[in-house]
Amino acid sequence: MDDQNNELKHGLKTRHVTMISIGGVIGAGLFIGSGTMIMSTGPGALLSYIMAGLLIVLIMRMLGEMAVVNPDSGSFSTYAHQAIGPWAGYTIGWLYWFNWVIIVTIEATLLGEMVNNFLPSIPAWSASLVFPIVMMITNIYSVKTYGEIEYWLAFIKVAAIVIFLGLGTAIMLGLVPGIEAQSLSSVTAASTFLPHGWIPMILGVIFITFSLSGSEVAAIAAGESENPEKNIIRAINAVVWRLLLFFVGSVAVLVMVIPPGAKDLLKSPFASVFAMAGLPAAAQIMKAVIFISLLSVLNSGLYTSSRMLYSLAKKGSAPTFLANVNKRGVPIWALAASVFFAYVFTLFKFISPDTLFSFLANSSGGVTIVMYIFIAISHFLLRRKREKENPSMLKVKMWLFPYLTYATILILFSIFIAQAFIDSMRLQFYLTSILTILVIGSYFVFYHKRELADHLTEIKSEGVKTKKVRQTVN
């Protein structure tokens, strides 16, 4: 272990940071979930994606402002610690770690099921156990190796989306024979644009906001980049606008190309568009892309959860041994702990999927919005403080401060509370709220007393030193 400083290495390039973040967001939620959203909302789902995307832009701008001043692997947990208090950094750090470990578990089980479907002789549970350990090995070697592997995994997903967008554009321009896109007037007609009314579109914003979780990984990964201050804003800007292009652009293609009400086509929308254009083996190709997407999200999840756990340990909010790094600067124990709990949760998934694992998944389901709320409040408090103390530190600024920050906080609280009134999200709302309260309580039970004791010890130590100085002088 690197006992001298236990610091992470700065081995990531800007392209690595950008792709790590994109890799954490683009998965089955886009390739499959977009079709489900269009089925429930109609072409108006495009508005849902635009509104949710703009909200993420605002949150990432706030995070970018704070991260340029203080690039740190703990990211928003560190900023919450500084702005609101140690309890806030502790709370959101542990909640975020738990959320990503659950995501790793879900991705691993989906990968196991895909392997089982292709090779029935291999049980899904055994295949699920292989992928976390394989991705752990890529993480252990060095952060640069991990970044390079994740870059190419994410690159394949991005390439698939770019090809899809190019094909969709060609179809809409009438350049692909045998297939005709919907006219803009027919898609935007009052009877077809929102066939089920405005409510599904508004609910769609809530669901999509959750599905865009992962873009914040740019701020975490930038702490290990070669030039954090320079790379962090580049990476965050690149992630935000590329995600908007990929998500909004893809949905625009889907609503223009797939006929309204074609539910069979929307079950696997990307594969359907490729098949409509006459591309052979479209379904198999998209299955391969989805497989790589799941692997990429799992890879990003292990990286992100280990860095958050490492940061918590560095701040004294987790066992100190989790802050140890190997000679290549990788937080090996934090990574091992994340994989271990991912295995435990995977076991729960196969033993008790509808009770125990469902309880854990719903408990983590609302963490994304809680995280965004902490980011927005931290930004407001730190921005006020820096404007008074050292405004020259603010090299990147949130637009229209404080009004857009106020509006973002209000929207986020509204989205969080709205879960209580949505049947499919009500359990998630209550369990996430209870979990958040329990984590806050654990801080005051286990860590706050220790911090007070350490503080009192420091005061006594200073008192003893002062007394000795006085005696020496006399």
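The values are calculated or read from the model by the stated rules, or taken from the named source; none is laboratory data. Predicted model, so just to flag it, every value in this text is computed and none were measured. Here Cβ is always computed from backbone atoms with ideal geometry, including for glycine, and neighbour counts include all displayed protein chains. Note: accessible area is taken over every heavy atom of the protein model, side chains too, but ligands, DNA and RNA are not part of it. Shrake-Rupley method; radii C 1.70, N 1.55, O 1.52, S 1.80 Å.
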Closer than 26 Å to L194 by Cβ and of a type in the set (V, I, T): which single residue out of T105, T78, T41 fits that description? T41
Take the residues in region 246-264 that are without any contact (Cβ under 8 Å) to a residue 60 or more places away in the chain and not acidic (D, E); name whichever of them is farthest from P195 (Cα to Cα). A262
Quick one: count up the residues across region 121-139 that are open to solvent by 50 Å² or more (accessible area, probe 1.4 Å) and touching a residue at least 24 places away in the same chain (Cβ under 8 Å). 3
The condition of being open to solvent by 10 Å² or more (accessible area, probe 1.4 Å), hydrophobic (A, V, I, L, M, F, W, C) and assigned to a helix (DSSP H, G or I) holds, among I199, I236, only for I199
With I26, I50, I84, I22 as the choices, which residue is open to solvent by 10 Å² or more (accessible area, probe 1.4 Å), within 21 Å of L244 (Cβ to Cβ) and touching a helix residue (DSSP H, G or I) at 6+ places or on another chain (Cβ under 8 Å)? I50
Any residue at all in region 203-211 that's outside any helix (DSSP H, G or I) and touching a residue at least 24 places away in the same chain (Cβ under 8 Å)? no
Considering only residues that are without any contact (Cβ under 8 Å) to a residue 12 or more places away in the chain and closer than 30 Å to A342 by Cα, look in region 265-303 and name the one that is least open to solvent (accessible area, probe 1.4 Å). A288
Does S215 meet the test of being of a type in the set (G, A, S), surrounded by fewer than 24 Cβ atoms within 10 Å (Cβ to Cβ), touching a residue at least 40 places away in the same chain (Cβ under 8 Å) and not in a helix (DSSP H, G or I)? yes
Quick one: count up the residues across region 203-259 that are over 15 Å from the mean Cα position of the chain (by Cα) and farther than 30 Å from Q182 by Cα. 14
Filtering region 374-410 down to residues that are crowded, with 18+ Cβ neighbours inside 10 Å and aliphatic (A, V, I, L, M) yields I375, A376, I377, L382, M398, I409
